[in-house]
Amino acid sequence: MTEDPVLVVDKLTKTFGARTAYSDVTFSVGRGEVFGFLGPNGAGKTTTVRSLGTLITPTSGRATVAGIPLEADNAVEIRKRIAIMTEAPGLYGRLSVTENLQYFVGLYHLSDGARRIKDALEAVNLSDRAKDTCNSLSKGLRQRVGLARTLLNDPEILFLDEPTSGLDPVAARGVHDLISGLRDRGVTIFFTTHRLAEAESLCDRVAILNTTLRTIGKPSELREQLFHKSLVVTTAAPLSDPGRVFTGLPGVESWDSEGSDAGRSTPGRSDAAGSDSGGTAPGSYRLAVGDPAVAAPEVVRALVHAGADVLSVGESRHSLEDVYLSLVNEDVEATQR
Ligand SMILES: Nc1ncnc2c1ncn2[C@@H]1O[C@H](COP(=O)(O)OP(=O)(O)OP(=O)(O)O)[C@@H](O)[C@H]1O
Ligand SMILES: [Mg+2]
């Protein structure tokens with residue numbers, strides 16, 4: 001259970017006829033957290049966001065949003081405390097940016113509208129386009145107006161569905177900065193994304209959804225749960241007998257020759273994602289180790305003793321993308337069985 005949860009989701013399920021959008025989803029999000037919701041196309045992310053944002057009613061299960069039970073009678077109270085940006089920003093094309101925001105200030109019965117609009121436009125760096133009609137803006141700029149709109153009511157929780165989809169790298173960075181700035185102000189941010197590097201750098205915790213919740217945790221915890229720590233060793237020339245060098249070394253659990261068909265000395269979990277940075281050098285080996293700090297000096301000594309020219313010995317880092325691909329590929333394999 002999260003400390004001071006601002007969002008509690010308990011066995012929530014949504015079906016559309018025979019189709020299950022998401023099923024038996026349970027998690028909680030702490031106040032001020034940046035929480036990333038990942039998953040393949042059709043995993044149920046948008047439907048979850050729409051459910052928690054009171055736009056559609058879940059089929060079963062319970063949730064509390066900003067301290068209020070998610071029930072039809074409470075929808076208005078919940079919406080006062082949250083903001084939601086779905087895939088389409090939902091703007092009036094023939095109205096100017098300011099007129100659009102004025103419309104929403106009126107809709108939400110917000111006081112001090114002019115100040116709110118000014119602050120929101122400054123936050124998304126759009127003050128100079130305030131008089132332009134939304135039709136005349138590019139997709140990314142419209143996205144930013146949509147974001148400005150979500151800021152108008154000072155939400156406790158901000159739900160953003162793929163906020164950086166279709167944005168150029170600079171504009172995406174602007175959204176990242178905005179999210180970080182809102183986090184610093186104590187706003188809880190729940191966002192979906194397909195950009196795993198974005199989730200990795202921004203999120204305190206992430207959940208991976210594939211109709212059911214596959215995992216949840218800090219990116220670093222997920223990496224450790226799923227992958228062995230490993231060292232990647234490169235030598236100027238392939239070792240004539242790598243098994244003799246690596247097998248039985250203190251701290252080395254197993255080894256693999258990368259980029260060739262050489263075998264593994266001891267059975268171990270293979271890296272399901274199989275990806276890693278760093279290309280294949282003439283001699284390249286991946287060693288599963290308990291503690292890289294213990295194993296690395298032993299490995300270097302053994303290589304020198306064997307007369308090898310060591311090019312590098314480094315800890316291999318798995319990314320959140322590796323975690324994601326590992327889990328989602330498991331699901332694909334399970335459905336093919
Ligand atoms: N209104 C609806 N009627 C019927 N099925 C729906 C409806 N909305 C969503 N679905 C189905 O629910 C499933 C989950 O859809 P959802 O849009 O939540 O996925 P997503 O994770 O957001 O995917 P993406 O990454 O493509 O945006 C899909 O199979 C989708 O077709
Ligand atoms: Mg979606």
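Read-outs: derived from the displayed coordinates by stated rules, not from any lab. A quick note: this is a predicted structure, and the numbers were derived from the prediction, not measured. Note: ideal-geometry Cβ built from the backbone for every residue, glycine included; neighbour counts use all protein chains shown.
Below is a table of values for the structure above.
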item	result
Max mean-square fluctuation residue, GNM over the chain, Cα-Cα springs under 10 Å, options G42, G90, G17	G17
Rounded to 10°, Cα long-axis angle of helix 169-184 versus longest principal axis of the chain	80
Sequence-distant lysines (8 or more away, or on other chains) whose Cα lies within less than 26 Å of K80	K11, K14, K45, K118
Candidate aspartates and glutamates for bridging to K218, where Cα separation is under 13 Å - those fewer than 8 sequence places away on the same chain excluded	E33, E200, D204
Sum of side-chain charges, A148 neighbourhood, beta-carbon under 12 Å (Lys, Arg +1; Asp, Glu -1)	+4
C-alpha long axis of helix 139-151 to longest principal axis of the chain, angle in °	70
Reachable aspartates and glutamates from K139, criterion Cα separation under 16 angstrom, eight or more residues apart if same chain	E87, D161, E162, D168
Listed residues A172, A72, A83, most fluctuating in the chain (Gaussian network, C-alpha, under 10 Å)	A72
Antiparallel bridges, percent of DSSP beta bridges restricted to the chain (to nearest 5)	70
Calculated FRET value between A114 and D309, using beta carbons and R₀ = 56 Å, to 0.05	0.20
14 Å beta-carbon shell around V328, net charge (K/R +1, D/E -1)	-3
Between 0 and 90°, nearest 10: helix 113-123 axis offset from the chain longest Cα axis	20
Low-density loop positions, trypsin sites (Lys or Arg not before Pro), the stretch 65-124 - DSSP coil, at most 14 other Cβ in 10 Å	R94
GNM top mover of V289, V206, V29 - the chain, alpha-carbon springs below 10 Å	V289
